[in-house]
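The values are calculated or read from the model by the stated rules, or taken from the named source; none is laboratory data. What you see is a predicted model; the values in this text were computed from it and never measured. Note that we place each Cβ from the backbone using ideal geometry, even for glycine, and neighbour counts take in every protein chain shown. The accessibility values were calculated without ligands, DNA or RNA, using every heavy atom of the protein model including side chains. Shrake-Rupley method; radii C 1.70, N 1.55, O 1.52, S 1.80 Å.
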Amino acid sequence: MSGGNDFLTIGEAASLCGLSRSALRRAVARGHLAAWHTPGNHLRVSRRDFAEFLRRLGAVELAGRAEERLPTRVRQ
């Protein structure tokens with residue numbers, strides 16, 4: 001996980017694909033999407049795994065967006 005840019009929160013993933021957070025949590029629970037919990041018990045998914053999940057759903061265009069690395073935000 002270099003630079004915190006190789007993974008997504010469930011909320012970020014949901015925003016990218018238009019699914020609800022609950023739908024993505026169900027996909028994780030059913031083994032359709034690989035994810036892990038942080039020490040604070042928050043779900044994270046790798047961009048690569050999320051893109052593959054979207055491809056399996058037939059959402060190829062969204063999968064490309066999921067793999068894009070966004071620049072790290074600089075706080076002022």
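Just the residues that are modelled with pLDDT under 90, open to solvent by 50 Å² or more (accessible area, probe 1.4 Å), among the aliphatic types (A, V, I, L, M) and under 15 Å from Thr9 (Cα atoms), please, taken from the range 22-73.
Hit for the range 22-73 is Leu70, nothing else.
Within the group Arg26, Arg55, which residue is touching a helix residue (DSSP H, G or I) at 6+ places or on another chain (Cβ under 7 Å) and not in a loop (DSSP other than H, G, I, E, B)? Before the answer, list the steps.
Numbers: Arg26 fails: touching a helix residue (DSSP H, G or I) at 6+ places or on another chain (Cβ under 7 Å).
Answer to the selection: Arg55.
What tally of residues in the range 7-21 results from selecting those that are open to solvent by 20 Å² or more (accessible area, probe 1.4 Å) and in a strand (DSSP E or B)? It would help to see each step written out before you state the result.
Restricting attention to the range 7-21, the residues satisfying the condition of being open to solvent by 20 Å² or more (accessible area, probe 1.4 Å) are 7, 9, 12, 15-21.
Still in the list and also in a strand (DSSP E or B): 7, 9.
Qualifying residue count, the range 7-21: 2.
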